[in-house]
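Student: The structure that follows is given in the form of structure tokens.
What follows draws every value from the coordinates through simple rules; no lab data is involved. The model shown is predicted, which means the values in this text are computed figures rather than measured ones. In this analysis, Cβ positions are derived from the backbone assuming ideal geometry, glycine residues included, and neighbour counts consider all displayed protein chains.
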Amino acid sequence: MKQAVEAHRLVSTMDSDSFGERGKSAWQDCLELYKDTVDLLNRSVNSNNKNPLDTHTWLSASLANQHTCRNGFTDFQIPSHYDSFPSMLSNFSKLLSNSLAINKATNPSTATSFSKQVRSRRLLSDGFPEWVSAADRKLLQSGGAAEKADIVGAQDGSGGFKTISEAVEAAKNLGGGSKRIVVYVKAGVYNENVEIKNDIKNLMFVGDGIDATIVTGNRNNVDGSTTFQSATFGEYCANL
């Protein structure tokens, strides 16, 4: 944890302007990813190993973040910029890998539990996963989620917000994860890249159907976006 906090501090104080436009974009990914890693490790530390499978997932995600950070520079064919990162970051990746191995060795049932969960997953048409609460199941089954929405987004201006991103920002001020927040997005083509940061939790999005409510974006590596930033609908740490 100490190295995660220090890694985030070191990355945040780097002279990103020296990287150039594309390098700076990759650096911004790293800054976000190291911040997310600190949050993931906090969850691991505070869980007191109550659920080894959750800890395994958080450690795996933390390690994946380090690779994603490097990939941003590799995608732009400027790996030398990543090489200028503090050498301690390489050691940090090794510590994460070791922690993941120790967690697996200490809790041998972790891999079995994960495989069991994957095998038991079902499509919503066949039933709900175990992690969907009774209240959320009732809300989904009722078909009235749109009518009960806390926030309405509508491209034509008939809702409180014209973009999904604006609706997400408004959701941050409605409960901070203490209750389920339903965002109803009316029919329309929303040309945007929606990002849901880890300070916005417990969201449910409802649209008017697969051919009615459409979210689309065109970020790509050729035009200067990292793969990490190209997601049309991206979220951190299972906030939805």
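Student: Remind me, relative contact order of the range 124-235 in percent, using alpha carbon pairs under 8 angstrom and six or more residues apart?
Tutor: Result for the range 124-235 is 22 percent.
Student: Going down the list Lys2/Lys104; Lys138/Lys197; Lys50/Lys104; Lys148/Lys186; Lys148/Lys179; Lys138/Lys179, which pairs span over 19 Å between their C-alpha atoms?
Tutor: Correct reply: Lys2/Lys104; Lys138/Lys197.
Student: Suppose the chain between Arg43 and Lys148 were pulled fully straight at 0.36 nm per residue; how much longer would it get relative to their current alpha carbon spacing?
Tutor: Working it through step by step, the gained length comes to 34.7 nm.
Student: Quick check: net charge around Lys138, other residues with Cβ under 13 Å of its Cβ, Lys/Arg +1 and Asp/Glu -1?
Tutor: Around Lys138, the surrounding residues sum to +2.
Student: Turning to a different aspect of this structure: Would you mind pulling out the separation of the Cα centroids of the range 71-90 and the range 1-28, in Å?
Tutor: Here the answer is 10 Å between Cα centres.
Student: Once you have the Cα-Cα distance between Val5 and Val132, take 0.36 nm times their residue separation minus that, and quote the gain in nm to one decimal.
Tutor: Roughly 42.4 nm would be gained on extension.
Student: With a sphere of radius 14 Å drawn around the Cβ of Val38, what net charge do the other residues whose Cβ falls strictly inside it have (Lys, Arg +1; Asp, Glu -1)?
Tutor: Result for the neighbourhood of Val38: 0.
Student: Taking percent of Cα pairs over 30 Å apart straight from the coordinates, which label in (1) 38; (2) 19; (3) 26 is the correct one?
Tutor: Given (1) 38; (2) 19; (3) 26, the structure-derived one carries the label (1).
Student: What nm value, rounded to one decimal, do you get for the distance between Leu174 and Asp199 when each label is placed 7 Å out toward the C-beta?
Tutor: Going from the Leu174 label point to the Asp199 one covers 1.9 nm.
Student: Trypsin sites (Lys or Arg not before Pro) within the range 20-89: which are DSSP loop residues with at most 10 other Cβ atoms inside 10 Å?
Tutor: Answer by residue number: Lys50.
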